[in-house]
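First up is the structure itself, then whatever we jot down about it.
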Amino acid sequence: MKTPPIEKQFIAVTIALTVIALALAVSVWWLNGKINTIYSELASLSKETASSTAALQTNINEAHSTLSNAISAAEQNVGSLQGQLGNFQNQVGNISGAVTNLQKLSQLDPELLKKYSKVYFLNENYVPAHLSEIPLAIQYSDVKQMLIRTEVLPYLENMIATASSTGVALYVDSAYRSFDEQKALKSDYQMVYGSGAANSFSANQGYSEHQLGTAVDLITTGLGGQLDSSFDKTAAYQWLVQNAYKYGFTMSYPPDNGYYVYEPWHWRFVGVKLASDLHAEGKYFYQLDQQTLDGYLVTIFD
Ligand SMILES: [Zn+2]
């Protein structure tokens, strides 16, 4: 085969090289464009990511603050509920205390702290629900069995035993008296002294504290069995003035009481609280109004 002349070969190579160079240039341009596109996509992706992250952070912050608010609102609610529960418990406590008091009162004789006078008195059929025998050892006389309201007996026995332990002799001279006994006693007094005098120191039947079963006449040795105002010269009387309130007893008719003559021997059980308050205030039972006295009924045997 015949070889082309050198010029033709040179031209052909130049053309081929030019074509290759053009193809390379086009490829580089195209690649460059692609790379730029990828860069810009990456940049925009990175921007999006950044704004998404920021949005996410904002969302997290918002969620956190919402949650905190919800927690603190819940805590406040719990606090308020606890407060309400406390109030409710107090109310339940108050109600249950009131119910307990009502239950106690329903079992207590409403007459126990009544003031007896010529306008308020016990029915002739009134008899205490429970009476107990007073031990003969503390009765001044054993001729007749004396009775006292059952709930009062332990207080009486305790008082007399304590007095005795300090060398003070105290005995019961009279305790519960029925309407008929009081009536008979009154007519005896009237026969002896005449009705004017009898009215001043012996309660008419029907308003005697003795019919209530909570009053006792106390006596000591050395008086020959006679109860009169000389009882207040005895150690027994002094002991009673200083100590009877601790056992719930109070002197119904102190000097100048406006009801009956002075009866230093006559002591009525009114409960430790009322007797203590009377003692502390230097007052006597009949000085207080009936409403005040009734307020002590619920605690009379406490
Ligand atoms: Zn009496």
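The values are calculated or read from the model by the stated rules, or taken from the named source; none is laboratory data. Quantities reported herein were computed from a predicted structural model and do not represent experimental measurements. Glycine gets a Cβ as well: all are built from the backbone with ideal geometry, and neighbour counts include every protein chain shown.
Here are a few things to note about the model shown:
- The requirement of being under 16 Å from residue 248 (Cα atoms), within 36 Å of the chain's Cα centre (by Cα) and crowded, with 19+ Cβ neighbours inside 10 Å is fulfilled somewhere in segment 111-126, by at least one residue.
- Residue check for residue 75: among the charged types (D, E, K, R) and either loosely packed, with under 10 Cβ neighbours inside 10 Å or touching a residue at least 60 places away in the same chain (Cβ under 8 Å) (or both): no
- Residue in segment 14-26 that is under 60 Å from the mean Cα position of the chain (by Cα) and polar (S, T, N, Q) present: no
- Unmet requirement for residue 241, which otherwise passes all of (1) surrounded by fewer than 21 Cβ atoms within 10 Å (Cβ to Cβ); (2) hydrophobic (A, V, I, L, M, F, W, C); (3) within 16 Å of the ligand (Cβ to nearest atom); (4) under 18 Å from residue 169 (Cβ atoms): (3)
- Taken residue by residue, segment 269-287 has no member that is within 18 Å of residue 163 (Cα to Cα) and assigned to a loop (DSSP other than H, G, I, E, B).
- All positions within segment 218-236 that are within 14 Å of the ligand (Cβ to nearest atom) and closer than 19 Å to residue 278 by Cβ: 218
- Qualifying helices (runs of 4 or more DSSP H) (wholly inside segment 135-236; at least 1 residues being more than 22 Å from residue 112 (Cβ to Cβ) and either touching a helix residue (DSSP H, G or I) at 6+ places or on another chain (Cβ under 9 Å) or at pLDDT 85 or above (or both)): 153-165, 179-193, 195-201
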